[in-house]
Amino acid sequence: MGSSRRNFLMDLARKRGFHIEDELRDSVTHIVAENNSGAEVLEWLKSKKLAGVVKCQIVDISWFTECMGAGCPIRIESRHQLVHEDCPASFNPPVSSSCVPVSPYACQRRTPLRDANRIFTEAFDILAENYEFLENKGPRVAFCRASAVLKSLPFPIVTMKDLEGLPHLGQEMKYIIEEMIEDGRSSRVEEVICSERYKSFKIFTSVFGVGLKTAEKWYRMGLRTLEDVKSNTGLKFTSMQKHGLLYYEDLSSRVSRKEAEAVEHLIESIIREFVSDATVTVTGGFRRGKNVGHDVDILITCPRKGEESQILHKTMEVLKYRDMLLFYHIVESTFDDTKRPSRNVDTLDHFQKCFLTLKLQKEDGGKGKHNTWSGCGETGGRSWKAVRVDLVITPYEQYAFALLGWTGSPQFERDLRRYASHEKKMMLDNHALYDKTKNMFLKAKTEEDIFTHLGLEYLEPWERNA
Ligand code: DCT
Ligand code: MG
């Protein structure tokens, strides 16, 4: 095969822990060929005066592709073998990896965290993010969907043939994949990463409290870095943004699973003091099995109607009293039970919630090597780290819908709602499910109930990483 193609495949295999040799050595166990018959490979080996020395298996690229998908060398079957012992020159055509139909809806695909196509999905996610920064919704959604399809594949894309039959992979996406297969890079993605606008928006929107509107305003003012923002005396910041800038280092560093669990135990123990049978559940990325996240999303409910609405305020009082609260902003519920779920699949919910940052005690008490913190305002060693937490309060009968909605991923949620409305004539949001054919709300105690109402096979939270 050509050298850039070969380099791409070698790189891919090395990243998965395979041992790849540049030359034929005694240690070699398999030779992989693409678009060649066994006879051609043997002919080539003969021309290199190697035919007599080869003691290893000569296999087709389909074996390699399946190994990449499995993450380990798989057993060689006769369809993989280019050269059989009894018939040295036989040839078996490779099988396509994508012969199993793939649904256009993420809620009908299992998407575990393992992503066999990370190099492509990261590229598409960058392009989607750039369109988000440009507030161009159509192409943003298109790249999110294409990325989600690739994330669900159990095998890596190694040839353009592997894309056959896959939904949401239009010509534009195919060009990008083709270039990456050939050159190992995408000129379009590189252009975006290097663009001033993308770089500045990436920094600005990583500040707690800064959305697209503010980022746009700062960018138009000619500001490019956080230093530019902090040193501009004419800017007015909201209290959330002031806090976001003050603790930028802490808040932009990832939250670990251990930290998320510590937050969960803290919040649960406080709430249980006054509502002993409250349910406190970590949702978001952590529930989907991720080991790091940008925040900790916690869903709270209790069985007695109305009692849940006092939980947030009381919890804030306790945290304040214990000097653990750095910032909080409570949004009261705007839920109206006479209204049907929203038609817009991207509409946010109406729960009472609180966006806060906590002082979380560091495991080593701040004595470790990450002892110095450069967050402005607070310097020197401190024994705690600022961690972002979202607390969401849900009435008991809406808990299953809230849990499903807050578990994500955002792309999974979008497709679930789209599936409900386009395929089932139902309307789903984080509060309820409405059947338009029967003109009634469908109740659910568990997430499984909601999947059943929608006629979908149940997907575990860790299979929703679309
Ligand atoms: N959510 C959603 N629609 C949105 C935003 C969020 O349905 N527009 C849901 C899905 C995920 C959940 O809320 C929590 O949101 P995030 O914390 O932003 O996502 P995450 O998956 O937890 O990501 P991270 O690991 O970075 O916190
Ligand atoms: Mg989260």
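The values are calculated or read from the model by the stated rules, or taken from the named source; none is laboratory data. Every value quoted in this text rests on a predicted model; they were computed, and no experiment measured them. Every residue, glycine as well, gets a Cβ built from its backbone with ideal geometry; the counts of neighbours run over all protein chains shown. Side chains included, ligands, DNA and RNA excluded: accessible areas come from the protein's heavy atoms. Shrake-Rupley method; radii C 1.70, N 1.55, O 1.52, S 1.80 Å.
How high is the relative contact order of the chain, in percent, with contacts defined as C-alpha pairs under 8 Å that are six or more residues apart?
It rounds to 13 percent for the chain.
What pairs in Lys320/Lys385; Lys151/Lys174; Lys202/Lys242; Lys242/Lys353; Lys213/Lys258; Lys217/Lys242 have C-alpha atoms more than 24 Å from each other?
Result: Lys213/Lys258 exceed 24 Å.
Apply the a/c threshold of 1.5 to the C-alpha gyration tensor of segment 99-193 and tell me whether it is rounded, prolate or oblate.
Because a/c hits 1.5 or more and a/b fails to exceed b/c, segment 99-193 counts as oblate.
Going by a ≥ b ≥ c, the root eigenvalues of the Cα gyration tensor, does segment 238-317 fall in the rounded group (a/c under 1.5), the prolate group (a/b larger than b/c) or the oblate group?
oblate
Quote the FRET efficiency, to the nearest 0.05, computed for Val331 versus Asn439 with a Förster distance R0 of 35 Å and r equal to the Cβ-Cβ distance.
Efficiency computed from Cβ-Cβ geometry: 0.65.
Could you derive backbone 3J(HN,Hα) for segment 148-160 from the dihedral phi with the Karplus parameters 6.51, -1.76 and 1.60 (θ = phi - 60°), listing whole Hz in sequence and x where the residue is Gly or Pro?
In residue order, the calculated couplings are 5, 4, 5, 5, 7, 6, x, 10, x, 6, 10, 10, 5 Hz.
Which of the trypsin sites (Lys or Arg not before Pro) found in segment 1-30 are in a DSSP loop and have at most 13 neighbouring Cβ atoms, other than their own, within 10 Å?
Here the sparse-neighbourhood loop sites are Arg25.
Which of the peptides 129-142, 226-239 is most tightly packed, and how do the rest follow, judged by the mean count of other Cβ atoms within 10 Å per residue?
So the peptides 129-142, 226-239, ranked by packing, come out 129-142, 226-239.
Could you bin all the Cα-Cα distances of segment 123-280 into 5 Å bins starting at 0 and give me the percent of pairs in each, rounded to whole numbers?
Pairs per bin, as whole percents: 1, 7, 13, 13, 12, 12, 12, 11, 9, 5, 2, 1, 0.
With every protein chain left in place, what is the accessible area of Met173 in Å² (1.4 Å probe, nearest 10)?
10
Quick one: dipole size for the chain, taken about the Cα centre, charges +1 on Lys/Arg Cβ and -1 on Asp/Glu Cβ, in debye to the nearest 20.
The calculation lands at about 820 debye.
Which translational diffusion coefficient, to the nearest whole µm²/s, is obtained for segment 381-443 from the Stokes-Einstein equation, given a Kirkwood hydrodynamic radius over C-alpha pairs, 37 °C and 0.692 mPa s?
Taking Rh from Cα pairs, D becomes 242 µm²/s.
What is the calculated FRET efficiency for Glu307 to Glu190, with r their C-beta to C-beta distance and R₀ = 60 Å, to the nearest 0.05?
E(calc), rounded to 0.05, equals 0.65.
Can you tell me how much longer the chain between Asp11 and Met221 gets when fully stretched, taken as 0.36 nm per residue apart minus their C-alpha distance, in nm with one decimal?
71.3 nm
Projected onto the charge dipole of segment 106-147 (+1 at Lys/Arg Cβ, -1 at Asp/Glu Cβ, origin at the Cα centre), which of Gln108, Ala123, Asn136 gives the Cα projection farthest towards the positive end?
Of the options given, the answer is Gln108.
Between beta-carbons, use under 13 Å as the cut-off and find the net charge around Tyr175, counting Lys and Arg +1, Asp and Glu -1.
Once positives and negatives cancel, what remains is -3.
What is the sum of charges around Asn136, taking Lys and Arg as +1, Asp and Glu as -1, for the other residues whose C-beta is under 14 Å from the C-beta of Asn136?
Every neighbour counted, the sum reads -2.
Around Trp44, under 15 Å between beta carbons, what's the net of Lys plus Arg minus Asp minus Glu among the other residues?
Neighbour charge sum, excluding Trp44 itself: -1.
Expected output is a single nm value to one decimal: the length gained when fully extending between Asp26 and Ser256, i.e. 0.36 nm times separation in residues minus the C-alpha distance. What is it?
Length gained between Asp26 and Ser256: 78.4 nm.
What percentage of all Cα-Cα pairs in the chain are separated by more than 31 Å?
When every Cα pair of the chain is considered, 55 percent fall beyond 31 Å.
Roll a 1.4 Å probe over the protein heavy atoms and report the accessible area of Lys362 in Å², nearest 10.
Roll a 1.4 Å probe over it and Lys362 shows about 40 Å².
What residue among Val83, Gly285, Phe451 has its Cα farthest toward the positive end of the dipole of the chain, where the charges are +1 on Lys, Arg and -1 on Asp, Glu, each on the Cβ?
In the chain, that residue is Gly285.
Which lysines does Lys424 reach when only Cα atoms under 19 Å apart count, and residues fewer than 8 places away in its own chain are ignored?
Output for Lys424: Lys436, Lys438, Lys443.
Which ³J(HN,Hα) values, rounded to whole Hz and listed in residue order, are derived for segment 7-22 from phi using the Karplus coefficients 6.51, -1.76 and 1.60 in 6.51 cos²θ - 1.76 cosθ + 1.60 with θ = phi - 60°, glycine and proline given as x?
Working through the residues one at a time gives 4, 4, 5, 5, 4, 4, 5, 5, 4, 8, x, 7, 9, 10, 9, 7 Hz.
With a ≥ b ≥ c taken as the square roots of the eigenvalues of the C-alpha gyration tensor of segment 103-147, please select rounded if a/c is under 1.5 and otherwise prolate if a/b is larger than b/c or oblate if it is not?
Since a/c reaches 1.5 but b/c is at least a/b, the shape of segment 103-147 is classed as oblate.
Asp390 to Ser269: FRET efficiency via 1/(1 + (r/R0)^6), r the Cβ-Cβ distance, R0 30 Å, to the nearest 0.05?
After rounding, the FRET efficiency stands at 0.95.
In segment 195-246, how does Rg compare with the Kirkwood Rh, expressed as the Rg/Rh ratio over alpha carbon atoms?
Over the Cα atoms of segment 195-246, Rg/Rh equals 0.91.
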